[in-house]
Amino acid sequence: MAERGYAVLIADVVGSRARRNLRALLGQRLELASRAHLRGRYIRLPYAITAGDEFQTIVRSYARLPELIFDLRERVWPLRLRVGIGIGAVPGRLRGPVNRLGGEAFQFARTALEGVKRGEGNKFKVLTGFKTKDAVFDSTANLIYALQDTLLLKITEKQWETIAVFRKKRRLQTTAKAMRLDMSTVSRNLKRGYFWQVEETMKGMRMLMEKRWG
């Protein structure tokens, strides 16, 4: 059977050894994420925990990948994720569980994640890595995410809470009402949480994905 190109996401939890009952917590968060992301047509198969704190899936839409990554980070918070994305061939039919599948895309995602763990090519901490056959795309995507990750590492718990509510409501007034805060506090949390900058990096990455991968 011919091989098609897919985007594979493999992730693990930063500092997992310091967390008690991690697998149970991660499993609960990923179950909810799987339901939402399957319903929203972000992913093709439910997230599967493969070993300890590591899990993976196959992405459905290239263009929506930036939103998927950010939404996943939000949903598993306060767990912090390292994410590797590989784009390449996957042989055969896509049948769950995802951890029984393999191929080039999975190998690329694994390489990307290991590169994030080792800090390859960076003098600063990153959380996200891309690996494909296109070196120019990889360089651009990894630069965009290096900038985004620098911002993500500074977001506080309260700012994440505000971002999560605002992404659902999309208005300062309704967000403030839902959180029982004044609008100035909501606005300040979004600004200090670098939400607008992160949205711009997601927009730029989405355009890059659409241009290169369709």
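The values are calculated or read from the model by the stated rules, or taken from the named source; none is laboratory data. Since the model is a prediction, treat every value here as computed from it, not as a measurement. Quick reminder, even Gly has a Cβ in these numbers, built from the backbone with ideal geometry, and neighbours come from all protein chains shown.
Among residues belonging to the range 71-110 that are in a helix (DSSP H, G or I) and of a type in the set (Gly, Ala, Ser), point out the one that is nearest to the chain's Cα centre (by Cα).
If we take residues in the range 71-110 being in a helix (DSSP H, G or I) and of a type in the set (Gly, Ala, Ser), then ALA109 is nearest to the chain's Cα centre (by Cα).
Which residue out of LYS131, LYS125 is charged (D, E, K, R), buried (at least 22 other Cβ atoms within 10 Å of the Cβ) and closer than 24 Å to LEU151 by Cβ?
LYS131
Which ones in the range 10-25 are part of a loop (DSSP other than H, G, I, E, B) and in contact (Cβ under 8 Å) with a residue 12 or more places away in the chain?
VAL14, GLY15, ARG19
I'd like to know if the range 27-38 contains one or more residues that are assigned to a loop (DSSP other than H, G, I, E, B) and either among the basic types (Lys, Arg) or free of Cβ contacts under 8 Å to residues at least 12 places away in the same chain (or both).
no
Which one is nearest to LEU152 (Cα to Cα), of the residues in the range 174-214 that are polar (S, T, N, Q) and without any contact (Cβ under 8 Å) to a residue 40 or more places away in the chain?
Residue satisfying both the conditions and the ranking: ASN189.
Scanning for something of a type in the set (Phe, Trp, Tyr), under 21 Å from LYS125 (Cβ atoms) and at pLDDT 90 or above, does the range 1-18 turn up at least one residue?
no
Within the bounds of the range 94-117, is there any residue that is under 20 Å from ARG212 (Cβ atoms), surrounded by 15 or more Cβ atoms within 10 Å (Cβ to Cβ) and of a type in the set (S, T, N, Q)?
Within the range 94-117, one or more residues are under 20 Å from ARG212 (Cβ atoms), surrounded by 15 or more Cβ atoms within 10 Å (Cβ to Cβ) and of a type in the set (S, T, N, Q).
Considering the range 151-173 alone, what residues qualify as being surrounded by 15 or more Cβ atoms within 10 Å (Cβ to Cβ) and either in a helix (DSSP H, G or I) or of a type outside the set (Val, Ile, Thr) (or both)?
Within the range 151-173, LEU152, GLN159, TRP160, GLU161, THR162, ILE163, ALA164, VAL165, PHE166, ARG167, LYS169, LEU172 qualify.
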